[in-house]
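First up is the structure itself, then whatever we jot down about it.
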Amino acid sequence: MKPAAFEYERACTLAGAVARLAAHGPDAKLIAGGQSLVPMMAMRLLRPTLLVDIRELQELKEIRIDADSARVGACVRQCEALEHAALAQAVPLLARALRWVGHVQTRNRGTLGGSVAHADPCAELPLVVRVLDARLEVCAASGTSMIDARDFFTGPLSTALEPEACLAAIHFPRWREAALGCAFEELSIRHGDFALVAVAAQLALDAGGRCTRAVLGVGGAGSTPRALERAAAGLVGTRLEDAVIDAAAGQASREVDPGDDQHASAEYRRHLVRVLSTRVLRAARAEARPQPTAGGAS
């Protein structure tokens with residue numbers, strides 16, 4: 001199919017882009033990578049009358065890292081973020097998730113902000129944003145504001161973004177603990193498809209190997225990506241024994257409320273949450289634990 005007729009403008013500044021949104025309201029849409037918007041327009045699920053192209057706005061393509069956070073511009077391409085060594089060191093869970101996003105071709109065009117704003121509950125990047133409790137920097141004609149990730153995703157393909165607002169950047173918090181581990185895993189019908197279930201975890205340990213901080217989240221098992229706070233809380237203060245991880249994975253499967261569809265039943269998705277939670281928690285534990293030095297044992 002072909003999209004309905006529309007006007008096209010290339011924005012020169014972010015202020016100019018949001019001014020056009022304010023003038024046209026919900027009939028205007030922003031486009032950067034177009035990996036979600038264009039297919040929906042081709043199927044006529046969306047019929048904007050104006051597309052405002054923001055992909056070349058340098059103010060939306062910057063990556064800035066400081067002691068406490070990493071600010072990633074909304075138009076940073078997924079391939080650029082994946083190859084950015086300093087960003088991978090500052091936010092390792094983001095790098096792990098990016099490897100699962102689509103294919104090389106889609107990552108070459110797709111942007112971080114586009115995926116997050118699209119808010120598919122099965123997508124990898126919204127899950128990372130939610131589980132790390134990132135903050136979303138939003139620009140509108142009225143000014144700039146911040147939205148916490150827990151308040152940003154409101155439903156399938158639905159966010160707290162107003163029609164006249166633009167997602168400008170994502171602020172990921174940095175974990176500064178020395179012993180840190182993370183993991184991301186998903187199951188999909190075909191490589192590159194959206195996940196039936198995706199699970200992300202990040203853990204921090206003290207010098208004695210005891211868990212001091214933990215997050216666990218899941219996508220594809222509800223209407224929005226979810227941070228599984230009760231399951232993660234059960235890990236803190238423990239040495240992450242296998243029994244503790246198994247109990248947390250069981251709790252994770254009870255916290256989600258997936259639905260049935262043509263791809264998988266709710267029961268199967270809960271099973272995947274438990275299995276994948278076990279895998280990512282064990283992988284994160286292994287990464288966080290200090291490795292014995294060669295010749296250290298006699």
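Coordinate-derived values only; no laboratory data. Model, not experiment: these values are computed from the prediction. FYI the Cβ positions are ideal-geometry reconstructions off the backbone, even for glycines, and counts take in every protein chain you see.
Residues in the range 166-208, backbone N under 11 Å from the label point at H263 (7 Å along the Cα-to-beta-carbon vector): list them, ranges by number please.
187-198
Cα axis of helix 242-255 to longest principal axis of the chain: angle in degrees, 0 to 90, nearest 10?
The two axes meet at around 30 degrees.
Between D246 and T154, what is the FRET efficiency for a Förster distance of 35 Å, r being their Cβ-Cβ separation, to the nearest 0.05?
The pair D246/T154 has a calculated efficiency of 0.60.
Relative contact order for the chain: what is it in percent, counting Cα pairs under 8 Å that are at least 6 residues apart?
Relative contact order of the chain: 15 percent.
Could you derive backbone 3J(HN,Hα) for the range 172-185 from the dihedral phi with the Karplus parameters 6.51, -1.76 and 1.60 (θ = phi - 60°), listing whole Hz in sequence and x where the residue is Gly or Pro?
Working through the residues one at a time gives 8, x, 9, 8, 9, 4, 6, 9, 10, x, 8, 7, 9, 8 Hz.
What would the Debye equation give as log₁₀ I(q)/I(0) for the chain at q = 0.10, 0.14, 0.15, 0.16 Å⁻¹, counting only Cα atoms as equal point scatterers?
Log10 of I(q)/I(0), two decimals: -0.55, -1.02, -1.15, -1.27.
Between A179 and residues 5 or more places away or on another chain, which pairs have amide H atoms under 5 Å apart, with H built 1.01 Å from N, and which residues are they?
Amide H neighbours of A179, under 5 Å, 5+ apart: L205.
Summing -39500 (n - 2.57) over the DSSP H runs of n ≥ 4 in the chain and dividing by its residue number, what mean residue ellipticity at 222 nm do you reach, to the nearest 500 deg cm²/dmol?
-9500 deg cm²/dmol
For the range 104-114, what does the Karplus curve 6.51 cos²θ - 1.76 cosθ + 1.60, with θ = phi - 60°, yield as ³J(HN,Hα) per residue in whole Hz, taken in order and with x for Gly and Pro?
Working through the residues one at a time gives 3, 5, 6, 5, 5, 10, x, 10, 5, x, x Hz.
Just to be sure I understand: with springs between alpha-carbon atoms less than 10 Å apart, which residue in R190, R150, R269 has the highest mean-square fluctuation in the Gaussian network model of the chain?
In this elastic network of the chain, the residue with the biggest mean-square fluctuation among R190, R150, R269 is R190.
Per 0.36 nm of contour for each residue apart, how much would the distance between V236 and V275 grow if the chain were fully extended, relative to their Cα-Cα spacing?
Length gained, V236 through V275: 12.0 nm.
What is the set of long-range amide H partners of L30 at a cut-off below 5 Å, with H atoms built 1.01 Å from backbone N?
Here V52 satisfy the definition.
Starting from 0.36 nm per residue, how many nanometres of slack lie between H191 and A85 once their C-alpha separation is accounted for?
Extending this stretch completely gives an extra 35.7 nm.
Using the alpha-carbon centroid of each, what span in Å lies between the range 41-118 and the range 177-217?
20
Calculate one ³J(HN,Hα) per residue across the range 20-25 by plugging θ = phi - 60° into the Karplus curve 6.51 cos²θ - 1.76 cosθ + 1.60, and present them in order as whole Hz with x for glycine and proline.
So the Karplus estimates, Gly and Pro as x, are 5, 4, 5, 6, 9, x Hz.
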